[in-house]
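Below: the structure, in structure tokens.
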């Protein structure tokens, strides 16, 4: 009997999931949700998916920024302030060299505006490679969002099936407790009648086992409450929401098991992690090329318009003389801008190449470990399926044994110890049976997650 109780306790540990703080809202009606419904609600409420969507928006903004460098850049600078007065007589008919450069008594005001327009023509890949990197970065974040969604779905499967397992364990403890109560009552009657098939020690044993069963019943109720709270938290429901599962019993639903090779191939072609690595390598390669482009100049078409006016200065029309306080001129030109540094660009290129090589190592790690993960879940699925089949027959036979032992005891034909032995075997086998079903369903969900298949909903 103690083995039974320890088995129940270990099983309940599978469903003791941590709950989260939820909003204080009053439920309007009882919700009856299937596993599919819970998955849909959890995906809508998952905060990590909102974070992932923000990452996509950030990557999209970087792409728009990179695209914008293809367009002209306009800059306007306006000034206003004091300026010395000046007249044409200072330079015509001859340039005077003894004019005072500055005097507080001869100040006036000026206003100026300078406008420049730069149109990039060719940047040796700075713009195009940055655009390419941002484009692949968006795909990386999209696949990362898909990965997080798969993790949310997997968690819902664990919580939902954990809740069903907790309820099965509670029903099992209730059944054992009821049998013990009936057996105790029968033993007391037999003892009062002076039967030699029972003694006071049998009553002590029944009372002891009933007390321990009551203890584990409370733990079973606690496990059920925790699993339900975790499921509500995952779906974003308030703590006091009235929630019922569409599936009341933990039953095994057969799923088609394909060859292991098929699952490994599916994982390599479908897993979001592999898409992240592939797109990440393309993005990092583009960033390396963008960094190397800094070794070369930027070719551009530039335009300039400069205007300044000062009332106290006469305008001079001479191509050799430019008055910074009173003028109007402009022009257009083909230019090259080349920033030469000593080691900075090389260091940036080396840094981007290191990030690229790091991602190559990540790809090698995934190539080696994802098939191992798939094989583990595959073997877990087969083992759990075979265990469920084996333990089902064992617990059904143990139930027959328990029924026979109880009947013999009721008729005064069997000792009380037969009940203890039969109940211990029956409870242990039935607990193992439901644990095998739980393991089977979770293994199927894990295998679907590992191969990026839509998670099957039994």
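The values are calculated or read from the model by the stated rules, or taken from the named source; none is laboratory data. Note that the coordinates shown come from a computational prediction; the quantities given were computed from them, not determined experimentally. Here the Cβ is made from the backbone with ideal geometry for all residues, glycine too, and neighbour counts use every protein chain on show.
Working only within the stretch 178-196, note down all residues that are touching a helix residue (DSSP H, G or I) at 6+ places or on another chain (Cβ under 6 Å) and either without any contact (Cβ under 8 Å) to a residue 40 or more places away in the chain or surrounded by fewer than 17 Cβ atoms within 10 Å (Cβ to Cβ) (or both).
Selection gives 184 alone.
Considering only residues that are in a helix (DSSP H, G or I), more than 48 Å from the chain's Cα centre (by Cα) and in contact (Cβ under 8 Å) with a residue 40 or more places away in the chain, which ones fall in the stretch 408-445?
Once the filter is applied, which keeps residues that are in a helix (DSSP H, G or I), more than 48 Å from the chain's Cα centre (by Cα) and in contact (Cβ under 8 Å) with a residue 40 or more places away in the chain, the stretch 408-445 yields 409, 410, 416, 417, 419, 420.
For the stretch 241-344, please list each of the strands (runs of 3 or more DSSP E) lying entirely inside it that holds at least 3 residues being modelled with pLDDT of 90 or more and outside the structural domain of residue 371 (by TED's automatic domain parsing).
Where strands (runs of 3 or more DSSP E) fall fully within the stretch 241-344 and carry at least 3 residues being modelled with pLDDT of 90 or more and outside the structural domain of residue 371 (by TED's automatic domain parsing), they are 298-310, 327-337.
Yes or no: the stretch 396-407 includes at least one residue that is assigned to a helix (DSSP H, G or I), in the same structural domain as residue 260 (by TED's automatic domain parsing) and within 41 Å of the chain's Cα centre (by Cα).
Scanning the stretch 396-407, I find no residue that is assigned to a helix (DSSP H, G or I), in the same structural domain as residue 260 (by TED's automatic domain parsing) and within 41 Å of the chain's Cα centre (by Cα), so the answer is no.
What are the pairs, 6+ residues apart or on separate chains, where a residue within the stretch 137-152 that is touching a residue at least 24 places away in the same chain (Cβ under 8 Å) has its Cβ under 6 Å from a residue that is surrounded by 20 or more Cβ atoms within 10 Å (Cβ to Cβ) and not in a helix (DSSP H, G or I)?
If the second residue must be surrounded by 20 or more Cβ atoms within 10 Å (Cβ to Cβ) and not in a helix (DSSP H, G or I), the pairs left are 152/46.
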